[in-house]
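The values are calculated or read from the model by the stated rules, or taken from the named source; none is laboratory data. Worth saying up front: this structure is predicted, and the values here are computed from it rather than measured. For neighbour counting, all protein chains shown are included, and Cβ atoms are generated from backbone atoms with ideal geometry for every residue, glycine included. Side chains included, ligands, DNA and RNA excluded: accessible areas come from the protein's heavy atoms. Shrake-Rupley method; radii C 1.70, N 1.55, O 1.52, S 1.80 Å.
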Amino acid sequence: PRGLVHRASDGELMADVGANTLYVVPVADAERVYWVGSTVAADATVSGNYETWAMAVPAESLDAGGRTVAPRWRVSLGPKAVYGTPATRDGLLYVVDRGGVLTILDGQTGQETGRYDLATGMVSASPVLAGGSAYLFAEDGRAVMGPAGRTFAFGARATVICATPSSR
């Protein structure tokens with residue numbers, strides 16, 4: 001993955017976000033498109049450490065047809081890769097890294113509103129936002145649930161989940 005943005009309808013190259021590694025799909029709200037990616041360190045396959053970041057690009061800059069986009073903001077998220085696509089709601093971006101850390105960012109500024117160790121182990125799944133709650137799932141079947149917002153309060157934990165969540 002190289003960080004090239006193509007329009008799905010015709011494959012046209014719309015932008016190059018300059019990323020070394022993108023494992024996740026970009027997400028958007030009415031004003032911004034968000035990317036989360038990792039710059040692979042030379043020893044990442046041994047150490048498991050990456051330079052992981054999140055960034056926001058104004059949606060209108062992609063519509064303008066420029067090949068290189070200037071981010072509105074770009075912030076470091078730490079040394080663990082992100083495999084799950086982030087979620088966005090009410091101007092917030094929810095990102096969970098492989099180490100099981102949830103980071104909530106203000107979509108307008110990129111400022112961190114909270115960072116929470118979920119104590120779940122490795123996470124590859126995307127956060128699910130439904131009914132005012134955030135649902136987070138680890139690879140070993142553990143789940144953490146709590147109210148979605150600028151901060152996260154642990155509401156419930158489950159030890160084994162073997163089903164796909166639904167927002168209905």
>> Regarding region 63-72, can at least one residue be identified that is over 16 Å from Asp29 (Cβ atoms), at pLDDT below 90, of a type in the set (Lys, Arg) and in contact with a Leu (Cβ under 8 Å, 6 or more places away or on another chain)?
In response: yes
Of (1) at pLDDT below 65; (2) crowded, with 18+ Cβ neighbours inside 10 Å; (3) among the aliphatic types (A, V, I, L, M), Ala42 satisfies every one except (2)
Examine region 76-90 for a residue that is touching a Gly at 6+ places or on another chain (Cβ under 6 Å), modelled with pLDDT of 90 or more and open to solvent by 20 Å² or more (accessible area, probe 1.4 Å), and state whether such a residue exists. no
Next item on the list: Look at Gly11 and say whether it is farther than 26 Å from Ala130 by Cβ, assigned to a loop (DSSP other than H, G, I, E, B) and modelled with pLDDT under 70.
Entry: no
